[in-house]
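Derivation of every value follows stated rules applied to the coordinates shown; laboratory data play no part. On a predicted model such as this, the values are computed, not experimentally measured, just so you know. Reconstructed Cβ throughout: ideal geometry from the backbone, glycine too, with neighbour counts over all protein chains shown.
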Amino acid sequence: AQSVTQLDSQVPVFEEAPVELRCNYSSSVSVYLFWYVQYPNQGLQLLLKYLSGSTLVESINGFEAEFNKSQTSFHLRKPSVHISDTAEYFCAVSPINDYKLSFGAGTTVTVRA
Amino acid sequence: EAQVTQNPRYLITVTGKKLTVTCSQNMNHEYMSWYRQDPGLGLRQIYYSMNVEVTDKGDVPEGYKVSRKEKRNFPLILESPSPNQTSLYFCASSLSGGDEQFFGPGTRLTVL
């Protein structure tokens, strides 16, 4: 079985400041890793994913996440946030040979001017 | 437009009255799944299906049933709803395990 821990439930941040959302996981097998974003009153959308290869993955809107196998982490970062980045962010893991997707509890990011 | 649809979007019902939440996808995805979202708990998987007639339990299957008779549809059935099933429910689909999951808009269920 696998589990996901998102270390911060709420992250307030000023516009144009950097943000880091922390995610740690535990699993007895190799996993795929995902970050999903949920904007207010909407469903979830994939932000980025790590399947294999380069441990640094990027999204089209400036987010990046780094897979660290030794620390079993997949932290999400953005160097400069916008008001429109206000949302809830979920880290998720899936065993490579399984369809099961396990989510963290979520981190609410509130960007203020 | 590629999408996952859910109906109804909002539902208020009473304890014990059977209900079905429908989910349909038009992307020919093999994999479909149901989640419930509760504050502070994130999303928890209820049931998933790897293909037609193949379903399996997720983390919180108690009180729910599913069926997968057609590839595009994956209804969630609550035979006897209880107040602790009040939640926001999401259906999702993907081409296969490890692929991006596409989520529906959600169904907010209140059981009185």
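Within the stretch B:13-53, how many residues turn out to be touching a residue at least 40 places away in the same chain (Cβ under 8 Å), basic (Lys, Arg) and either surrounded by fewer than 21 Cβ atoms within 10 Å (Cβ to Cβ) or more than 16 Å from B:Tyr89 (Cβ to Cβ) (or both)?
Summing the residues that are touching a residue at least 40 places away in the same chain (Cβ under 8 Å), basic (Lys, Arg) and either surrounded by fewer than 21 Cβ atoms within 10 Å (Cβ to Cβ) or more than 16 Å from B:Tyr89 (Cβ to Cβ) (or both) in the stretch B:13-53 gives 2.
Here is a yes/no grid of residues against (1) of a type outside the set (Ser, Thr, Tyr); (2) in a strand (DSSP E or B); (3) under 22 Å from B:Tyr48 (Cβ atoms):
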site	(1), (2), (3)
A:Val13	yes, yes, no
A:Asn24	yes, yes, no
A:Tyr32	no, yes, yes
A:Val57	yes, yes, no
A:Ile60	yes, no, no
A:Arg77	yes, yes, no
A:Phe90	yes, yes, yes
A:Tyr99	no, no, yes
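Spot the failing condition for B:Leu109; the list is (1) surrounded by fewer than 21 Cβ atoms within 10 Å (Cβ to Cβ); (2) part of a strand (DSSP E or B); (3) away from chain A (no Cβ under 14 Å); (4) not small (Gly, Ala, Ser), and only one is missed.
(1)
Just to verify a result, which residue in the stretch A:59-75, among those that are more than 11 Å from the chain's Cα centre (by Cα) and more than 14 Å from chain B (Cβ to nearest Cβ), is surrounded by the most Cβ atoms within 10 Å (Cβ to Cβ)?
Checked the stretch A:59-75; the qualifying residue surrounded by the most Cβ atoms within 10 Å (Cβ to Cβ) is A:Thr72.
Go through the stretch A:100-113 and give me each residue that's touching an Asp or Glu at 6+ places or on another chain (Cβ under 8 Å) and of a type outside the set (Gly, Ala, Ser).
From the stretch A:100-113, those touching an Asp or Glu at 6+ places or on another chain (Cβ under 8 Å) are A:102, A:106-109, A:111-113; that's our starting set.
Within the stretch A:100-113, A:Thr107, A:Thr108, A:Val109, A:Val111, A:Arg112 meet the criteria.
What residue, among those in the stretch B:12-37 that are over 17 Å from B:Phe102 (Cβ atoms) and more than 14 Å from the chain's Cα centre (by Cα), is nearest to the other protein chains (Cβ to nearest Cβ)?
Result: B:Ile12.
When the stretch A:34-55 is examined, which residues are found to be aliphatic (A, V, I, L, M) and surrounded by fewer than 12 Cβ atoms within 10 Å (Cβ to Cβ)? Full working, then the answer.
Initial filter on the stretch A:34-55 (aliphatic (A, V, I, L, M)): A:37, A:44, A:46-48, A:51.
Correct list: empty.
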